[in-house]
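Participant: Got a structure here, written out as structure tokens. Questions coming.
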Amino acid sequence: MVFSYVFQPNWGLVNGLLRQVGVSPLPLWLAEPRYVLTGSRAAATILAVWVALGYYMLIFQAGLQAVPAELYDAARVDGAGPLQTWWFITLPSLRPTFIFLYITGTIDAMSRFSDLWMLGGPAGTPARSLQTIVMYVYQTAFESNDFNLASAAAVILFVIVLLLTMLNFRSFLQREFTQRSGA
């Protein structure tokens, strides 16, 4: 709820920052028909980044701490510079972290509800530009009382998330297998 005040037309933080850099403020980020697609999606994207940034930083910090210091020492002895160390040691060591965050980020993106509900209501207004599948399931079930269609949509969402997760795991395991077997 606090974040929705960031996009208020007259005294919101975003419009205040736009005024500071000399750009005319946007009147209604979440309701003006001219800004429906860009403004509401920009607001949803900024909110998603704000919410997930701390989590992602914490997971990456844990991944960085899991890289053995001996690898960096060996690279230094072999004459590798900072860029080579980053490219050949740090990034490959963070690969499982990237895969984990990609999979959980995909699942999170497919199941966004509460933050978009606060910005756009159950219909994802304006012009349904913020409506997700989960919001559609909620609206179909509890506003239209069509539980059959809502259940079918929820099962389809489950299947899509399951398939995406399986494809990501399969791709990850296949690359790991080919790297370890030397092919």
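The values are calculated or read from the model by the stated rules, or taken from the named source; none is laboratory data. Just so you know, these numbers come straight off a predicted model, no measurement behind them. Counting neighbours? That spans all protein chains shown, and the Cβs are built from the backbone with ideal geometry, glycine included.
Participant: So is Leu163 in a helix (DSSP H, G or I), touching a residue at least 24 places away in the same chain (Cβ under 8 Å) and either out of contact with any Gly (no Cβ under 7 Å at 6 or more places or on another chain) or under 30 Å from Val2 (Cβ atoms) (or both) or not? Talk me through it step by step, then tell me what you get.
Facilitator: On the way: in a helix (DSSP H, G or I): yes; touching a residue at least 24 places away in the same chain (Cβ under 8 Å): no; either out of contact with any Gly (no Cβ under 7 Å at 6 or more places or on another chain) or under 30 Å from Val2 (Cβ atoms) (or both): yes.
Answer is no for this residue.
Participant: Here is a further query. How many residues does segment 1-36 hold that are within 27 Å of Leu101 (Cα to Cα) and either modelled with pLDDT of 75 or more or assigned to a helix (DSSP H, G or I) (or both)? Steps first, please.
Facilitator: Just the residues of segment 1-36 that are within 27 Å of Leu101 (Cα to Cα), to begin with: 1-4.
Right, trim to either modelled with pLDDT of 75 or more or assigned to a helix (DSSP H, G or I) (or both) and you get 2-4.
Residues in segment 1-36 being within 27 Å of Leu101 (Cα to Cα) and either modelled with pLDDT of 75 or more or assigned to a helix (DSSP H, G or I) (or both): 3 in total.
Participant: Being more than 13 Å from Leu94 (Cα to Cα) and over 23 Å from the mean Cα position of the chain (by Cα) is the filter here; which residues of segment 52-70 pass it?
Facilitator: Ala69, Glu70
Participant: Next up: Among the residues of segment 128-144, is there at least one that is within 30 Å of Arg180 (Cβ to Cβ), of a type outside the set (Ser, Thr, Tyr) and in a helix (DSSP H, G or I)?
Facilitator: No, every residue in segment 128-144 fails to be within 30 Å of Arg180 (Cβ to Cβ), of a type outside the set (Ser, Thr, Tyr) and in a helix (DSSP H, G or I).
Participant: Quick check on Leu149: is it on the phi < 0 side of the Ramachandran plot, touching a Ser or Thr at 6+ places or on another chain (Cβ under 6 Å) and aliphatic (A, V, I, L, M)?
Facilitator: Values: on the phi < 0 side of the Ramachandran plot: yes; touching a Ser or Thr at 6+ places or on another chain (Cβ under 6 Å): yes; aliphatic (A, V, I, L, M): yes.
When the stated conditions are applied, Leu149 passes them.
Participant: Of the residues in segment 79-88, how many are surrounded by 10 or more Cβ atoms within 10 Å (Cβ to Cβ) and over 25 Å from Leu101 (Cβ atoms)?
Facilitator: 2
Participant: Then there is this: Inspect segment 104-114 for any residue being more than 29 Å from Phe172 (Cβ to Cβ) and modelled with pLDDT under 95 and give the result as yes or no. Give the derivation first.
Facilitator: Taking segment 104-114 as the starting set, the residues that turn out to be more than 29 Å from Phe172 (Cβ to Cβ) are 114.
Next, from what is left, pick out any that are modelled with pLDDT under 95: 114.
Within segment 104-114, one or more residues are more than 29 Å from Phe172 (Cβ to Cβ) and modelled with pLDDT under 95.
Participant: Let me ask another. Might you check whether a residue that is surrounded by 11 or more Cβ atoms within 10 Å (Cβ to Cβ), among the aliphatic types (A, V, I, L, M) and not in a helix (DSSP H, G or I) occurs anywhere in segment 54-77? It would help to see each step written out before you state the result.
Facilitator: Step one: filter segment 54-77 for residues surrounded by 11 or more Cβ atoms within 10 Å (Cβ to Cβ), giving 55-56, 59-61, 63-64, 66-67, 71-72, 74-76.
Adding the requirement that they be among the aliphatic types (A, V, I, L, M) leaves 59, 64, 66-67, 71, 74-75.
From what's left, not in a helix (DSSP H, G or I): 66-67.
Looking through segment 54-77, at least one residue is surrounded by 11 or more Cβ atoms within 10 Å (Cβ to Cβ), among the aliphatic types (A, V, I, L, M) and not in a helix (DSSP H, G or I).
Participant: Let me ask you something else. Mind checking which residues of segment 71-109 are among the aromatic types (Phe, Trp, Tyr) and either under 25 Å from the mean Cα position of the chain (by Cα) or closer than 24 Å to Ile160 by Cβ (or both)?
Facilitator: From segment 71-109, those among the aromatic types (Phe, Trp, Tyr) are 72, 86-88, 98, 100, 102; that's our starting set.
Listed by number, the residues that qualify are Trp86, Trp87, Phe98, Phe100, Tyr102.
Participant: Then there's this: With the structure loaded, tell me whether Leu119 is at pLDDT below 90, within 23 Å of Leu164 (Cβ to Cβ) and not small (Gly, Ala, Ser) or whether it fails that test.
Facilitator: Details: at pLDDT below 90: yes; within 23 Å of Leu164 (Cβ to Cβ): no; not small (Gly, Ala, Ser): yes.
Spelling it out, it is not the case that Leu119 is at pLDDT below 90, within 23 Å of Leu164 (Cβ to Cβ) and not small (Gly, Ala, Ser).
Participant: I'd like to know if segment 110-117 contains one or more residues that are of a type in the set (Ser, Thr, Tyr) and either within 22 Å of the chain's Cα centre (by Cα) or on the phi > 0 side of the Ramachandran plot (or both). Show your work before the answer.
Facilitator: Restricting attention to segment 110-117, the residues satisfying the condition of being of a type in the set (Ser, Thr, Tyr) are 111, 114.
From what is left, the residues that are either within 22 Å of the chain's Cα centre (by Cα) or on the phi > 0 side of the Ramachandran plot (or both) are 111, 114.
Yes, segment 110-117 has at least one match.
Participant: OK, next. Run down Leu116, Leu101 and say which single residue is in contact (Cβ under 8 Å) with a residue 60 or more places away in the chain, in contact with a helix residue (DSSP H, G or I) (Cβ under 9 Å, 6 or more places away or on another chain), under 30 Å from Tyr5 (Cα atoms) and surrounded by 13 or more Cβ atoms within 10 Å (Cβ to Cβ). Explain how you work it out, then say what you get.
Facilitator: Numbers: Leu101 fails: in contact (Cβ under 8 Å) with a residue 60 or more places away in the chain.
Just a single option satisfies the conditions, and that option is Leu116.
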